[in-house]
Amino acid sequence: MGGRGRAPGRDEDFSFVSPIVKYLLFLFNFLFWIISFVMVSIGVYARMMKHAEAALACLSVDPAIMLMVVGLLMFILTFCGCVGSLRENICLLQTFCISLTVIFLLQLTAGILGFVFSDTARGKVTEMINNAIVHYRDDIDLQNMIDFGQMEFGCCGGVAYNDWSQNMYFNCNKDNPSRERCSVPFSCCIMSKDKEVVNTMCGQGMQDLEYLKAGDHIYTNGCIDKLVNWIHSNMFLLGGIALGLAIPQLVGILLSQILINQIKDQIVLQNYNLKHRSDPWS
């Protein structure tokens with residue numbers, strides 16, 4: 001008889017799923033979903049603005065391709081997170097959570113391996129820079145990125161300024177018909193800050209000069225050593241950036257796992273209510 005005094009439907013109204021967790025995870029994913037959409041759009045636009053020949057010449061070093069790939073992966077993952085949180089879909093939420101965990105572990109592994117095997121990492125960076133030098137004139141985005149790096153770090157080439165001989169336009173071969181033969185890009189030049197107009201031909205014939213004479217006009221040291229020194233001098237800054245990238249990932253993993261557990265508990269409760277609904281003494 002005591003069971004008749006219970007408020008009807010009270011168990012059915014109760015839910016383990018917290019609206020705060022649910023909509024917080026949705027907003028978190030929606031924000032990064034918008035960011036990923038912008039990244040893909042910029043990448044596609046930059047790719048379409050290039051000539052077809054240049055676009056196919058150096059796919060492995062094209063910043064637009066990198067932006068598109070990262071943006072597309074981010075778009076798919078955050079879409080799973082958005083829909084999974086709104087629809088309370090365990091499959092989509094698990095896909096989001098597992099994928100985010102794998103990406104985080106890969107980033108952590110890459111960071112550890114890069115630190116432990118620094119010589120191997122240096123070799124890979126050297127290979128990438130040499131490849132970028134070869135394709136310098138093939139891709140305007142790559143060209144601007146190299147020029148920015150050389151001017152920012154005050155360097156020229158990978159190991160030294162004569163690395164630019166690897167490029168077909170700057171090659172010192174006597175049979176090279178290019179007007180830039182045995183030259184270096186203008187971004188290698190030592191420029192005074194008071195000059196309003198940049199002399200883009202300041203690197204003309206610099207590879208023909210000896211190291212000390214060339215050093216009066218251009219940066220002769222390579223960018224690899226400059227980059228390594230910059231990394232050593234900015235470890236705290238890089239650590240802060242790495243932490244800033246890791247925190248959103250960990251928050252996404254934590255929120256999605258909490259919501260998955262809440263949904264599973266809710267399913268158990270619903271199954272229990274269905275099983276005992278016909279029993280008036282339950």
Item checked: Heavy-atom surface of region 145-243, accessible at 1.4 Å and reported per residue (Å²) -> 64
Next item on the list: Give me the percent of the accessible area of region 63-124 that comes from carbon and sulfur atoms, probe 1.4 Å, all protein chains in place.
Entry: 78
Item checked: region 157-282: relative contact order as a whole-number percent, Cα under 8 Å and 6+ apart -> 20
Check: Relative to the longest principal axis of the chain, what angle (0 to 90°, nearest 10) does the C-alpha long axis of helix 63-87 take?
Finding: 10
Margin query: Taking loop as defined by DSSP and a crowding limit of 10 other beta carbons within 10 Å, which trypsin sites (Lys or Arg not before Pro) in region 187-282 fit?
Written below: 193, 195
Notebook entry, point to check: Across the Cα atoms of the chain, what radius of gyration and what greatest pairwise Cα-Cα distance (Dmax) are found, in Å?
Noted result: 28.6, 106
Note to self: With the alpha-carbon atoms as the only input, what is the per residue convex hull volume for region 146-198 in Å³?
What the structure shows: 84
Margin query: Can you compute 3J(HN,Hα) from phi for each residue in region 100-116, using the Karplus curve 6.51 cos²θ - 1.76 cosθ + 1.60 with θ = phi - 60°, rounded to whole Hz and x for Gly and Pro?
Written below: 5, 5, 4, 4, 4, 5, 5, 5, 5, 5, 4, x, 5, 5, x, 6, 6
Note to self: Ignoring everything except DSSP H segments at least 4 long, calculate the 222 nm mean residue ellipticity for the chain; use -39,500 (n - 2.57) per segment, divide by total residues, nearest 500.
What the structure shows: -21500 deg cm²/dmol
Next item on the list: Would you mind finding the longest exposed-site-free stretch of the chain, with exposed GluC sites (Glu not before Pro) meaning DSSP loop and at most 13 other Cβ atoms within 10 Å?
Entry: 1-195
Margin query: Among 203, 178, 20, which residue has its Cα furthest toward the positive end of the charge dipole of the chain, with +1 on Lys/Arg Cβ and -1 on Asp/Glu Cβ?
Written below: 20
Checklist line | Estimated distance in nm for a label pair at residue 131 and residue 228, the labels positioned 7 Å out from Cα along Cα-to-Cβ | finding: 2.1
Checklist line | Those lysines that a straight Cα-Cα span of less than 23 Å connects to residue 193, excepting residues fewer than 8 apart in one chain | finding: 213, 226
Item checked: With Cα atoms, 0 to 90° folded angle of helix 223-233 axis to the chain main axis -> 50
Next item on the list: Over all directions, average the projected area of the Cα convex hull of region 140-276 and note it in nm².
Entry: 14.9
Checklist line | Nearest 10 degrees, 0 to 90: helix 118-134 Cα axis against the chain principal axis | finding: 60
Item checked: Residues with amide H under 5 Å from that of residue 218, placed H, sequence gap 5 or more -> 190
Check: For the chain, which longest stretch is free of loop sites, where a loop site is one of the chymotrypsin sites (Phe, Trp or Tyr not before Pro) that DSSP puts outside H, G, I, E and B and that has at most 16 other Cβ atoms within 10 Å?
Finding: 170-280
Next item on the list: Please state the charge dipole magnitude for the chain, taken about the Cα centre, from unit charges on C-beta atoms (+1 on K and R, -1 on D and E), reported in debye and rounded to the nearest 20.
Entry: 1080
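The values are calculated or read from the model by the stated rules, or taken from the named source; none is laboratory data. Since the structure is predicted, the reported quantities are computational estimates derived from the model, not experimental observations. All Cβ positions, glycine included, derive from the backbone under ideal geometry; neighbour counts span all protein chains shown. With ligands, DNA and RNA removed, areas are computed over all heavy atoms of the protein, side chains included. Shrake-Rupley method; radii C 1.70, N 1.55, O 1.52, S 1.80 Å.
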